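Below is one structure, written out as structure tokens; the observations come after it.
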Amino acid sequence: MKRQCLSFLFVGVVLGALLTTAAFVGILRARSAHEGASLVLKLAHVQDQSHPVHAAMVFMAQRVAELSGGTVEIQIFPNGQLGSESECIEQVQRGALAITKTSAAAMEGFVPGMAVFSLPYLFRDNEHYWQVLNGPIGRKMLAAGDAVGMHGLCYYDAGSRSFYTIAKPLLTPGDLHGMKIRVMQSRTAMDMITTMGGSPTPIPFGELYTALQQRMVDGAENNPPSFLSSRHYEVAKYFSLDEHARVPDVVIFSRRIWAGLSPQVQAWISQAAVESVDFQRTLWQEKTRESLDALVKAGVQVTYPDVTAFATASAPLLESLAGTPIGEMAERIRTTR
Ligand code: GCU
């Protein structure tokens, strides 16, 4: 009995010593992190590691490591490991997560102006899209996140979104009637589907494969690289390239964490983000072409419907916004040359 007591005491002392050391190391890490000597920043997003946007973030992390001489590390958590896009945005606001990459559609609930980017057939082409994102409207929207706890770093190309369906190809907007279409967490995306005659169902990206498999929805919409890397094509075999929206991706940094970084660390991160945009834009074009080829090889039936018919079917949404701040912004975008 006495021996047992002694060994409990011994274990207690050892445990206590270990815990004290762990706490001390924790403080040291926290301190050195503050001085920029050894800083680990978490970045979470919902895409797979095979996705070109993930590759751009790996590039950004490498550049930060190089510029900082290895003192700043960006740790990437892909595949929705830390939650859906909305959940990641909330964690960024709270300072529980340093960085996230999200669609501008998911940002709409936090920065209302971002809604404009989800409007159908807003941009004439890729050049117009980048002209707007790099121009006054794009810069203003990125900066608008500051007021709600997010420092905007950059936009990434997310191409054009088109419909994919399980049971039959979508050849005209009329085919959408009675169809349940999964959309992102965005009021504008929902309104767009309703205007075109379908029934919108918001579902987080990470839950969509199962939702398609269980026929909770009849289809969804996305860009070719995401359709491929998510493997949704295993269930939905019809891809109709109506290219109804070009919704950019956004990389945002927690304002709380940003405010505690030295100007030098902030400059390294900003530079790495800007450099990753050039890398991503080139890669995106390449991967979009490759993804379409891979989808066809995988047995997906790709169709090219009459885009004008889809634009006409979605036009009442734009008309209903006339005179509102979003409608006025859309008008400014349309007249940007
Ligand atoms: C695109 C976008 C993602 C988004 C996804 C979706 O792939 O880049 O950020 O999560 O669409 O449909 O949810």
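The values are calculated or read from the model by the stated rules, or taken from the named source; none is laboratory data. These figures come from a predicted structure and were not determined experimentally. Here the Cβ is made from the backbone with ideal geometry for all residues, glycine too, and neighbour counts use every protein chain on show. Areas reflect the complete protein model, heavy atoms only, side chains present, ligands, DNA and RNA absent. Shrake-Rupley method; radii C 1.70, N 1.55, O 1.52, S 1.80 Å.
The long axis of helix 2-34 is offset from the longest Cα principal axis of the chain by roughly 50 degrees. Each distinct pair of alpha carbons in the chain adds a 1/r term; the inverse of their mean, the Kirkwood radius, is 21.5 Å. Here the simple spin-label model places points 7 Å from the Cα toward Cβ, and for Glu331 and Gln264 these points are separated by 5.1 nm.
Keeping every protein chain in place, order Phe227, Phe205 by accessible area at 1.4 Å, biggest value first, i.e. largest first. Mind dumping the intermediate values first?
Details: Phe227 0, Phe205 35 Å².
Descending accessible area places them as Phe205, Phe227.
Under 27 Å of direct C-alpha separation, and excluding same-chain neighbours fewer than eight residues apart, Lys287 reaches these lysines: Lys42, Lys101, Lys168, Lys237, Lys297. Solvent-accessible surface (1.4 Å probe) assigned to Glu87 amounts to roughly 90 Å². Between Ala167 and Ala311, the simple label model (points 7 Å from Cα in the Cβ direction) yields a spacing of 3.1 nm. Determine the relative contact order of the chain: mean sequence separation of Cα pairs under 8 Å and six or more apart, normalised by residue count, in whole percent. Result for the chain is 24 percent.
Taken per residue, the accessible surface of the chain reaches 46 Å², heavy atoms only and a 1.4 Å probe.
D by Stokes-Einstein for the stretch 192-337, Kirkwood Rh over Cα pairs, 37 °C, 0.692 mPa s: 176 µm²/s.
Taking Lys and Arg as +1 and Asp and Glu as -1, the other residues whose beta-carbon sits under 12 Å from that of Val250 total -3.
Using only the Cα atoms of the stretch 269-323, build the gyration tensor, take square roots of its eigenvalues as a ≥ b ≥ c, and label the shape rounded, prolate or oblate: rounded if a/c is under 1.5, else prolate if a/b is larger than b/c, else oblate. Oblate, since a/c reaches 1.5 and b/c is not below a/b. So what is the relative contact order of the stretch 186-337, in percent, for Cα pairs below 8 Å that sit 6 or more residues apart? Reported as a whole number, the value is 35 percent. Expressed as a whole percent, the accessible area of the chain that falls on carbon and sulfur atoms is 58 (1.4 Å probe). Each 10 Å bin from zero up to the one holding the largest Cα-Cα distance in the stretch 83-173 carries the following percent of pairs: 15, 43, 28, 12, 2.
Let me know the whole percent of all Cα-Cα pairs from the stretch 161-235 that are separated by more than 15 Å. Could the numbers behind the result be given before it?
Values: 1342 of 2775 pairs.
Tail fraction, whole percent: 48.
In degrees, nearest 10, range 0 to 90: what is the angle between the Cα axis of helix 307-320 and the longest Cα principal axis of the chain? In the chain, helix 307-320 runs at an angle near 70 degrees to the longest axis. Relative contact order of the stretch 35-118: 34 percent, from C-alpha pairs under 8 Å at least 6 residues apart in sequence. Helix 187-196 and the longest principal axis of the C-alpha atoms of the chain enclose an angle of approximately 20°.
Considering only DSSP beta bridges with both partners in the chain, what is the antiparallel share in %, to the nearest 5?
55 percent
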